[in-house]
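Engineer: The structure is given below, and queries will be raised subsequently.
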Amino acid sequence: MGILEGKNILVTGVLTEGSIAFDVARLCQEQGATVVLTGVGRTLKITQAMGRRLPVEAQVVPLDVTDPEQLGQLADSVREHVPHLDGVVHSIGFAPQNVMGGGFMDGPWEDVATAMHISAYSLKALAEATLPLMSGGGSIVGLTFDGTVAWPVYDWMGVAKAALESTSRYVARDLGPQGIRCNMVSAGPIKTTAAKNIPGFEQMEGTWSERAPLGWDSTATEPTAKAVTALLSDWFPATTGEMVHVDGGVHAMGQ
Ligand code: NAD
């Protein structure tokens, strides 16, 4: 029996087979969950195709996290496929290229605002939109790149990640009394579409695999997806507002 047997999980952020969320959706199904995906705008059809590549075909509902109408309709759209949710995965990040890659001091507010809206505020928006489906409690898990320190080239996306991590703690505070946990998985660098859009991503990746006591494979999403799956399960019943590093151990090293 899998650790998610009988649970219904909403997974955002499946864009390609290389998306972290694709592996999360696959593992959730392998662990017994029914998975519903969300897809955004012009790439919705691609997410539908990805849904067909999972072990069990997953249905896709539309969700652009900046669209209040779609957020308002999300619970009803999900109810067409499952009656309630036990877990929600936030695997969403975006920043315009001109606020990453080095020109931190030149980042204009409109573009910073876009990064903050899609990458940080969206966690609260997603939690709020799915709340009516989690009356029996649940687990929300988001993906971050450790926002507690400054990284090369990450710039305003790094600031958005710090805001995402803080948002997670406040969601944990406010939804905890309803039995809803909210946690982050902080992954090391992985060569996904989002990562390739960061100008100078190689500088973040840098010597990661040498610094990691466990080593690090920047093409592998499964270690991160396993941690997300575990946090969605009942095996972390008293953990919320937490950030679990899946980075080969780099965060714990001085050099
Ligand atoms: P990805 O490009 O496969 O996924 C990013 C997803 O964000 C896409 O599915 C995209 O459709 C979605 N998205 C963008 N704008 C959206 C919007 N307005 N509404 C709804 N969805 C929207 O890349 P990924 O690396 O799998 O990224 C998933 C998460 O993991 C992101 O939060 C990312 O920051 C985080 N993360 C990635 C790495 C890495 O090195 N790749 C490391 C740590 C954390």
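Here is a yes/no grid of residues against (1) of a type in the set (Gly, Ala, Ser); (2) open to solvent by 50 Å² or more (accessible area, probe 1.4 Å); (3) under 24 Å from PRO223 (Cα atoms):
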{"site": "VAL24", "(1), (2), (3)": "no, no, yes"}
{"site": "GLY32", "(1), (2), (3)": "yes, no, yes"}
{"site": "VAL36", "(1), (2), (3)": "no, no, yes"}
{"site": "ALA75", "(1), (2), (3)": "yes, no, no"}
{"site": "GLU80", "(1), (2), (3)": "no, yes, no"}
{"site": "PRO83", "(1), (2), (3)": "no, yes, no"}
{"site": "VAL88", "(1), (2), (3)": "no, no, yes"}
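Engineer: Hey, another quick one. Right, PRO55: out of contact with any Gly (no Cβ under 6 Å at 6 or more places or on another chain), open to solvent by less than 60 Å² (accessible area, probe 1.4 Å), more than 10 Å from the ligand (Cβ to nearest atom) and over 26 Å from PRO132 (Cβ atoms) or not?
Structural biologist: So PRO55 fails the test.
Engineer: Given the criterion free of Cβ contacts under 8 Å to residues at least 60 places away in the same chain and either within 10 Å of the ligand (Cβ to nearest atom) or surrounded by 18 or more Cβ atoms within 10 Å (Cβ to Cβ) (or both), identify the matching residue among LYS196, LYS191.
Structural biologist: Just a single option satisfies the conditions, and that option is LYS196.
Engineer: Show the residue pairs that are 6+ apart or on different chains and have beta-carbon atoms under 6 Å apart, the first residue being within the stretch 100-123 and on the phi > 0 side of the Ramachandran plot, the second being open to solvent by 30 Å² or more (accessible area, probe 1.4 Å) and more than 10 Å from the ligand (Cβ to nearest atom).
Structural biologist: GLY101/PRO199
Engineer: While we're here: When the stretch 199-228 is examined, which residues are found to be in contact with an Asp or Glu (Cβ under 9 Å, 6 or more places away or on another chain), near the ligand (Cβ under 8 Å from one of its atoms) and over 24 Å from LYS124 (Cβ atoms)?
Structural biologist: SER218, THR221
Engineer: For the subset of the stretch 200-242 comprising residues that are under 20 Å from ALA162 (Cα atoms) and touching a helix residue (DSSP H, G or I) at 6+ places or on another chain (Cβ under 6 Å), which member is most open to solvent (accessible area, probe 1.4 Å)?
Structural biologist: THR240
Engineer: Here is a further query. Does LEU175 fit the bill of being within 12 Å of the ligand (Cβ to nearest atom) and either of a type in the set (Asp, Glu) or in a helix (DSSP H, G or I) (or both)?
Structural biologist: No; evaluated as a whole, the condition is false for this residue.
The values are calculated or read from the model by the stated rules, or taken from the named source; none is laboratory data. Being a predicted model, the structure only gives us computed values, none of them experimental. Don't worry about glycine lacking a Cβ; one is built from the backbone with ideal geometry, like all the others, and counts go over all protein chains shown. Just so you know, the surface numbers come from the protein's heavy atoms only, side chains and all, with ligands and any DNA or RNA stripped out. Shrake-Rupley method; radii C 1.70, N 1.55, O 1.52, S 1.80 Å.
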